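The values are calculated or read from the model by the stated rules, or taken from the named source; none is laboratory data. What you see is a predicted model; the values in this text were computed from it and never measured. With ideal geometry, Cβ positions are generated from the backbone for all residues, glycine too; neighbour counts draw on all protein chains shown. SASA here: full protein model, heavy atoms, side chains in, ligands and nucleic acids out. Shrake-Rupley method; radii C 1.70, N 1.55, O 1.52, S 1.80 Å.
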Amino acid sequence: MAAALSAPASAAPPEIHYTVPAAVHPGQNVELRLVGNHLAGTTALWNSFDATTELASSENNNTEANGVTYQVTVPETATAGIGGLRVATPEGVSTLKLVMIDDLSTVADNGQNKTIETAQAIVPPVAIDGACEPQSFDYYRISALAGQRLTFEVFAHRLGTALDPVIRL
């Protein structure tokens with residue numbers, strides 16, 4: 001029993017909580033930040049969609065437990081949809097994290113759009129990449145012509161989040 005108590009505790013496998021951005025775009029190379037726990041020392045990034053990945057060469061990348069950054073290049077011919085990511089470390093492999101492969105251009109939520117007066121202006125067609133704070137609102141300003149049709153879609157549950165979104169127009 002003494003030998004069992006003196007043995008070093010094994011480290012935990014990596015966990016991906018979210019990615020920044022939450023989507024990758026066909027025909028582009030993007031720095032994809034994986035945020036979570038136990039991510040230092042990653043040895044590989046697996047993806048279920050057509051893309052090439054390599055560890056980003058930024059200083060101190062792959063040394064922090066809460067995040068690691070990869071360069072992800074998605075070919076122009078990639079199909080829009082949902083793909084999966086898993087990261088490996090010497091301690092194991094993460095569970096699957098879902099990401100969008102989106103053919104819309106992306107705008108980051110500016111974080112300052114919490115009132116109607118500070119609404120963030122966007123120009124469709126566009127995808128908005130952001131995160132929601134509990135009990136909070138995000139406002140956006142969109143210009144449209146009379147009779148113009150716009151479609152709004154929220155990807156939340158399909159990406160594995162617990163978000164229960166509401167859109168008011």
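Suppose every K and R has +1 on its Cβ and every D and E has -1 on its Cβ; what is the size of the dipole of segment 50-169 about the Cα centre, in Debye to the nearest 20?
On the way: 7 positive and 15 negative charges, 88 e Å.
Once rounded to the nearest 20, the dipole reads 420 debye.
Cα-based Rg (one decimal) and Dmax (whole number) for the chain, in Å?
Both quantities, over Cα of the chain: 19.2, 78 Å.
When the chain is modelled as a GNM with alpha-carbon springs shorter than 10 Å, which of Phe49, Phe155, Phe137 fluctuates the most?
So, out of Phe49, Phe155, Phe137, the one fluctuating most is Phe137.
Would you look at the GNM of the chain, springs on alpha carbons closer than 10 Å, and say which of Ala156, Ala23, Ala40 moves the most?
Ranking Ala156, Ala23, Ala40 by mean-square fluctuation puts Ala156 first.
Looking at the square roots a ≥ b ≥ c of the eigenvalues of the Cα gyration tensor of segment 87-150, which shape do they give, rounded for a/c under 1.5, prolate if a/b is larger than b/c, or oblate? All intermediate terms of the calculation are to be shown ahead of the outcome.
Working: a/c = 3.70, a/b = 1.84, b/c = 2.01.
It comes out oblate by the Cα gyration axes.
So if each residue of separation counts as 0.36 nm, and I subtract the Cα-Cα distance between Lys114 and Gln28, what length gain in nm does that give? Mind showing how you got there, number by number?
Details: separation 86, 0.36 × 86 = 30.96 nm, distance 3.06 nm.
Answer, rounded to one decimal: 27.9 nm.
Once you put a point 7 Å from the Cα of Arg86 and another 7 Å from the Cα of Arg141, both along the Cβ direction, what distance in nm separates them?
4.7 nm
Once amide H atoms are built 1.01 Å from N in the peptide plane, which residues 5 or more positions from Val93, or in another chain, come under 5 Å H to H?
none
With every protein chain kept in the model, how would you rank Glu133, Glu153 by accessible area, 1.4 Å probe, largest at the top?
From most exposed to least exposed: Glu153, Glu133.
Using a Gaussian network model on the chain with a 10 Å cutoff between Cα atoms, which of Thr53, Thr63, Thr42 fluctuates the most?
Result for the chain, Cα springs under 10 Å: Thr63 fluctuates most.
Quick one: what are the phi-derived ³J(HN,Hα) couplings along segment 65-77, Karplus 6.51/-1.76/1.60 with θ = phi - 60°, whole Hz, x for glycine and proline?
Listing the rounded values in order: 5, 9, x, 8, 10, 10, 8, 10, 10, 9, x, 4, 7 Hz.
Considering amide H positions built from the backbone, and no H for Pro or chain starts, which residues 5 or more places from Val24, or on another chain, come under 5 Å of its amide H?
Met100, Ile101, Asp102
For a quick check of understanding: with a 1.4 angstrom probe and all protein chains in place, what accessible area in square angstrom does His157 have, to the nearest ten?
Looks like 120 Å² after rounding.
So for segment 123-166, what percent of the C-alpha to C-alpha distances run longer than 12 Å?
Percentage above 12 Å: 71.
Name the residues whose placed amide hydrogens come within less than 5 Å of the amide hydrogen of Ala65, ignoring near sequence neighbours (fewer than 5 apart) on the same chain.
Ala40
Multiply the residue separation of Asp103 and Ile122 by 0.36 nm, subtract the distance between their alpha-carbon atoms, and state the gained length in nm to one decimal.
Numbers: separation 19, 0.36 × 19 = 6.84 nm, distance 1.67 nm.
Between Asp103 and Ile122, full extension yields 5.2 nm more.
For segment 78-143, which whole percent of the accessible surface, found with a 1.4 angstrom probe, sits on carbon and sulfur atoms? All intermediate terms of the calculation are to be shown ahead of the outcome.
Values: 2270 of 3990 Å².
Carbon and sulfur: 57 percent of the exposed surface of segment 78-143.
Hey, what does the equivalent ellipsoid look like for segment 1-100, semi-axes from the Cα gyration tensor as sqrt of 5 times each eigenvalue, largest first, whole Å?
30, 14, 10
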